[in-house]
1. Looking only at helices (runs of 4 or more DSSP H) that lie completely in the range 25-143, which have at least 3 residues being among the hydroxyl-bearing types (Ser, Thr, Tyr) and at pLDDT 95 or above?
2. Looking only at the range 68-93, count how many residues are crowded, with 17+ Cβ neighbours inside 10 Å, farther than 18 Å from Trp123 by Cα and not hydroxyl-bearing (Ser, Thr, Tyr).
3. If you check Ile65, Ile96, Ile102, which single one turns out to be β-branched (Val, Ile, Thr) and surrounded by 19 or more Cβ atoms within 10 Å (Cβ to Cβ)?
4. Could you look through the range 1-24, keep only residues that are open to solvent by 70 Å² or more (accessible area, probe 1.4 Å) and at pLDDT 75 or above, and pick out the one that is farthest from Phe116 (Cα to Cα)?
5. Could you identify the single residue in Ile100, Ile124, Ile114 that is of a type outside the set (S, T, N, Q), more than 15 Å from Trp35 (Cβ to Cβ) and either touching a residue at least 12 places away in the same chain (Cβ under 8 Å) or in contact with an Asp or Glu (Cβ under 8 Å, 6 or more places away or on another chain) (or both)?
Amino acid sequence: MNDLDYLPQRKFMRTGEWVTLVGMALNVVSASMIWGKQPPKTIEAVAAVYSATISRDLNGFDYKIGVLSVGWIMVVMALVASSLLLWDAYSQHRKIMQRIHIGAGVITALVALIHFGPHPAIWIGIVGGCLITYGGYERYRLS
């Protein structure tokens, strides 16, 4: 008799794990995309003569919330949620892991919702955060 016979049989990847990985990938991609535009900076004396019409695109790493950049928040929260997949969903700490997993998804979705606008990166961040949140719920639901 093998020592591993008592463990429950499981598939390679369950639904919550796939959904979490897709959400993580979407959050990492959204961090490098354009989150906003910055109007050109001109000196007032020069602005009367010269008016620049080209605005600078800001990706997630250029866009700030206080001292933190949005890109790093998205990447770190995606990393936290995906690193929880390394531990077994049947462990004794599954309630804590579920709360951390869902919290990471909610944080990424809220950061994207705070910066709500017409840019695709924001929409991708919202979808990625929702997928991480659902993945956290689904992964630990049956365990």
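1. Those helices (runs of 4 or more DSSP H) do not exist here; none qualify.
2. Initially, the range 68-93 is screened for residues crowded, with 17+ Cβ neighbours inside 10 Å, giving 69-71, 73-75, 77-78, 80-82, 84-85, 89.
Within this subset, residues satisfying the condition of being farther than 18 Å from Trp123 by Cα are 80-82, 84-85, 89.
Filter again for not hydroxyl-bearing (Ser, Thr, Tyr), leaving 80-81, 84-85, 89.
Summing the residues that are crowded, with 17+ Cβ neighbours inside 10 Å, farther than 18 Å from Trp123 by Cα and not hydroxyl-bearing (Ser, Thr, Tyr) in the range 68-93 gives 5.
3. Numbers: Ile65 fails: surrounded by 19 or more Cβ atoms within 10 Å (Cβ to Cβ); Ile96 fails: surrounded by 19 or more Cβ atoms within 10 Å (Cβ to Cβ).
Of Ile65, Ile96, Ile102, the one residue that is β-branched (Val, Ile, Thr) and surrounded by 19 or more Cβ atoms within 10 Å (Cβ to Cβ) is Ile102.
4. Initially, the range 1-24 is screened for residues open to solvent by 70 Å² or more (accessible area, probe 1.4 Å), giving 1-12, 15, 18, 22.
Among the residues that remain, those that are also at pLDDT 75 or above are: 15, 18, 22.
Working: Thr15: 29, Trp18: 26, Val22: 21 Å.
So the residue we want is Thr15.
5. Sole residue among the options that is of a type outside the set (S, T, N, Q), more than 15 Å from Trp35 (Cβ to Cβ) and either touching a residue at least 12 places away in the same chain (Cβ under 8 Å) or in contact with an Asp or Glu (Cβ under 8 Å, 6 or more places away or on another chain) (or both): Ile100.
The values are calculated or read from the model by the stated rules, or taken from the named source; none is laboratory data. Computed from a predicted structure; not experimentally measured. Cβ coordinates were reconstructed from backbone atoms using ideal geometry, including for glycine residues, and neighbour counts include every protein chain displayed. Protein only, heavy atoms only, side chains kept; ligands, DNA and RNA dropped before computing areas. Shrake-Rupley method; radii C 1.70, N 1.55, O 1.52, S 1.80 Å.
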